[in-house]
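Any read-out appearing in this document is the output of simple, stated calculations on the displayed coordinates, not a laboratory observation. Since the model is a prediction, treat every value here as computed from it, not as a measurement. Cβ: placed from backbone, ideal geometry, glycine included. Neighbour counts: every protein chain shown.
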Amino acid sequence: MAMNSLLECREISKIFGGIEALTDVNFKVESNSITGVIGPNGAGKTTLFNIISGALHPTDGAVFFRGKKISKIGPSRVCRLGVARTYQLVRPFSSLSAIENVLIGLGFGRAAPMAKKDRVDEAVRILRMVGLEEKMNHVAESLTLVEKKHLEIARALATAPEVLLLDEVVSGLNPTEVTRTMGTIQQIRESGITIIMIEHILKVVMTLCERVMVLNYGVQIAEGPPKEVVADEAVIEAYIGRFEDAQEGFHA
Amino acid sequence: MNHGGKKIFYSIVLLLWAFLAALPFLGFSYGVVWVFLLVVYFTLALSYDIVGGYLGYMNLGHSTFFGLGAYTTAILLNQGFNLFSALLGALLLAAAFATVISYPLFRLRGAYFALATFGLISLIEVLTTNLRDLTGGSGGISTPPGDHTLASYYLVLAVAGVTMVLSRVVARSKFGLALFSIREDEEVAKAFGVPTTLYKGLALIISSVPASVVGGIYVWNMTYISPESVFGLEIALSPIIMAMLGGTGIMIGPLVGAVFITLVQEFLWTEVPYFHLAMYGTVLVLLGLFMPGGLVRTRWLKPVVQWLGLGEAVDYFENADAERIS
C-alpha cells in the first residue's frame, strides 16, 4: 500500500534553533486528489511546504515522491521531478512580464525541456487557463494581487508538475475571485495534477478537499475527510479554545 | 508594431558607427582620442551590466578584468607575440580568473558581494606591484613603441559593436531570462530549476571577456600602463556610474550613460575650470536622487526607448499571426 501513495511524509521534524516547528508529521497523498492543510497561524504549514519543495531540509524524517526520497536533493531537482509550488506572500519575478515568468518555469522547471518554438504557445495556453492571457505582456509588478496569485499558479503549472503545492492562493481575495480561483483549482485537478493546499477559508477546504490535515504548534492533531476533521474536538480546541477555559476567564 | 522603431534604432546605430569610423578623416584628431576613451568606458560599462544589471550583482571589481587584460597583453606583446594572440591570451586569462573567483564570490550577496569584488582590485594591484620581474612593479610596463592610434581606434569600435550584439543576444536568450529571474528573486529562480550557481559563473565569465580585450587594446594604444592607471578608482567606478546613470539592465542604458557622463565631464572641464570635479560630483548626486532608474527610465526617455523596441519586456509575438493572440 505504501508504494501507491504519490507523496509521503514520514516522521518529519524541523527544529529552528530551539523552536520545534514540526514534530513527527506523517501523511500520505494519493494520486489525483486534493489534500488540505489547515491550522492556526504559526502552526508550521508553510514550513511543511518548504520541506516538501526542498527549500528546507527536515531535521528528521524524509519526504518520498513515487517511493523515492526527495528531501535533501535541493529545490531545483524536486521541481524537475514534478513537485511545484506557489508562495504565500506572492513572489513573481517582478520586473519580468507575465509570459516571461511562465517561460522560466517552462524553460527550467521540467525534466524534459520543451522545444524552443513550442514554449511561447504553451506559455500562452497556461496563461489562458488561469485567465491571464490578456495581461501576458504586462510586467508582473503591475498586476493585482489576485493576478499575481494566478501568475504564480501559472508559473508552477509550467513546470508540468504531478504535485502542486498551493500556499494560501485563495486567502485575501474577494468572494467573486474566490469562486473563480476555486474553479481554476478544480480545472487543474481535472487535468490530472495532485494538489496539496494550505488554506484558511474553510468553505474552500470543505468544497475542494478530499482529505484534510490539521497542524497545531507543529503537531499533526487530526487527519481525515473534511467533515470529520471539523467536528474533531482537538481541532475545535486549537481554533477557538476550550469551553471551560472561556468560563474560567469569565469568572476571573 | 515595433518594427518601424527597431529599424530606426539600427539605422541610427549604424550611422553613428559610420560617423565614428569616418571621424579620423574629418580632421578631428582630438576627437579620435576622446572617442577612443569614451568607447573604452562604454564597453566596460556595457560588459559590467551583464553582471551588474542583468544578474543584479553589483560587481565593483569589474576593472580587475580590464587591468588583467591590459597587463597580460603588454607582457605578451613584449614577449614578441602579435596583437591578436596577445589579446586572445588576455581574454583567456581573464575568463579563467573569472571562473576561479566566481565560486567563492557568488556565495555572497548584496553589499557583501560588492565589497568583496572591490577588494579584488586591490588584491590584483598589489600583485602587479610586487611581481616586479613580470610586470615592472610600480614603475609600470611599456609595450613595443609605435603609433597605433588609428588601428586601436577601429579595433575598439569593433569590439564595442560586438559587445553590443553580445549584450543583446544574452538579453534575448533563455540564459538572459534566467539571469533576470536571479536578479528578481534568486531563491525562487532556484526553486524553479534555474541552475543559479552555473549561470552566475557564466555571466561573470561573459562579462570579463570584453573588459579584458578592451584592456589589451587600451595598452596597445597607450604603450604604457602602471598599476594606478589600470587599477585606479577612475577606471573602476566610471563605467559603473555610466551604467547606473544611464539605466542598468537595458543595453541602451550604458550607451546613454557613457555619452552623457563624458559630455558632462567635457563640458564642466572647459566651462568650470576650478570646480569641475565638485560640479561633476553634484551632477552625479542629483541624477542619482532624481532619476533612480537611470536616464532611460525617466518619463521623457522611456516612451522613446519603448518605441525603439529596446524596452525590457520582450515582445514574443513579432511574427505571430493575429489569431494566436486573440
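Assorted remarks:
- Modelled spin-label separation between A:E134 and B:L198, with each label point placed 7 Å from Cα along the Cα-to-Cβ direction: 4.0 nm.
- Within a straight-line Cα-Cα reach of under 19 Å, B:K302 can be paired with the following lysines, leaving aside sequence neighbours fewer than 8 residues apart in one chain: B:K6, B:K7.
- More than 22 angstrom apart: percent of Cα pairs within the range B:89-166: 51 percent
- Helix-only mean residue ellipticity at 222 nm for the protein assembly as shown, each DSSP H run of n ≥ 4 adding -39500 (n - 2.57), per residue, nearest 500: -18500 deg cm²/dmol
- Using the Karplus relation 6.51 cos²θ - 1.76 cosθ + 1.60 with θ = phi - 60°, the per-residue 3J(HN,Hα) values for the range B:248-255 come to 7, x, 10, 4, 5, x, x, 5 Hz, with x marking Gly and Pro.
- Here the Karplus curve 6.51 cos²θ - 1.76 cosθ + 1.60, taken at θ = phi - 60°, turns the phi angles of the range B:282-289 into couplings of 4, 4, 4, 5, 4, 4, x, 6 Hz, with x standing for Gly and Pro.
- For the range A:16-77, relative contact order (Cα pairs under 8 Å, six or more residues apart, normalised by length) works out to 24 percent.
- Using a Gaussian network model of chain A in which every pair of alpha carbons under 10 angstrom is joined by a spring, one finds that among A:T47, A:T86, A:T144 the greatest mean-square fluctuation is at A:T144.
- Charge dipole of the protein assembly as shown (Cα centre as origin; +1 on each Lys and Arg Cβ, -1 on each Asp and Glu Cβ, all else neutral): 1220 debye, rounded to the nearest 20.
- The residues B:F267, B:F19, B:F66, B:F113, when put in order of fewest to most other Cβ atoms within 10 Å, stand as B:F19, B:F267, B:F113, B:F66.
- Placing R0 at 25 angstrom, the Cβ-Cβ distance between B:Y154 and B:L134 gives a FRET efficiency of 0.25 after rounding to 0.05.
- Legend: mean number of C-beta atoms from other chains within 10 angstrom of residue C-beta atoms, peptide B:178-190, equals 5.
- Percent of beta bridges antiparallel (DSSP, the protein assembly as shown, rounded to nearest 5): 55 percent
- Estimated Rh, chain A: Kirkwood, alpha-carbon pairs, angstrom: 18.9 Å
- Per-residue Cβ neighbour counts within 10 Å put A:M213, B:M242, A:M182 in the sequence A:M182, A:M213, B:M242, beginning with the fewest.
- Ratio of Rg to Rh for chain B: 0.97 [Cα atoms; Kirkwood radius as inverse mean 1/r over pairs].
- Spatial offset of the range B:215-244 relative to the range A:171-218 amounts to 58 Å, using the alpha carbon center of each.
- With Cα atoms, 0 to 90° folded angle of helix B:110-130 axis to chain B main axis: 20 degrees
- All C-alpha to C-alpha distances of the range B:48-142, sorted into 10 Å bins beginning at zero, yield P(r) values of 16, 43, 29, 11, 0 percent in whole numbers.
- Its residue count N sets the reference 2.2 N^0.38 Å, and the alpha-carbon radius of gyration of the range A:23-111 equals 1.19 times that reference.
- Whole-Å distance, taken between Cα centres, linking the range B:283-302 and the range A:12-57: 46 Å
- Electrostatic tally near A:L106: other residues with Cβ closer than 15 Å to its Cβ, Lys and Arg +1, Asp and Glu -1, net +4.
- Listed by Cβ neighbour count within 10 Å, with the fewest neighbours leading, B:H148, A:H57 appear as A:H57, B:H148.
- Taking amide H atoms as placed 1.01 Å from N in the peptide plane, the amide H of B:Y224 lies under 5 Å from those of B:T143, each 5 or more residues away in sequence or on another chain.
- Shape analysis of the protein assembly as shown based on the Cα gyration tensor places the equivalent ellipsoid semi-axes at 55, 26, 22 Å, largest first.
- Between B:I101, B:I235, B:I205, the Gaussian network model of chain B with springs among Cα atoms under 10 angstrom shows the greatest mean-square fluctuation at B:I101.
- With the largest listed first and rounded to whole Å, the semi-axes of the equivalent ellipsoid of the range A:100-197 from the Cα gyration tensor are 21, 17, 11.
- Approximate spin-label separation B:S85-B:Q306, in nm, with each point projected 7 Å along Cα-to-Cβ: 5.4 nm
- Rg over Rh, two decimals, the range A:149-197 (C-alpha only, Kirkwood Rh): 0.94
- Pairs of Lys residues in the range A:1-128 are counted when their Cα atoms are under 21 angstrom apart and they lie 8 or more places apart or on different chains; the count is 11.
- Per-residue mean of C-beta atoms belonging to partner chains within 10 Å, peptide A:97-109: 5
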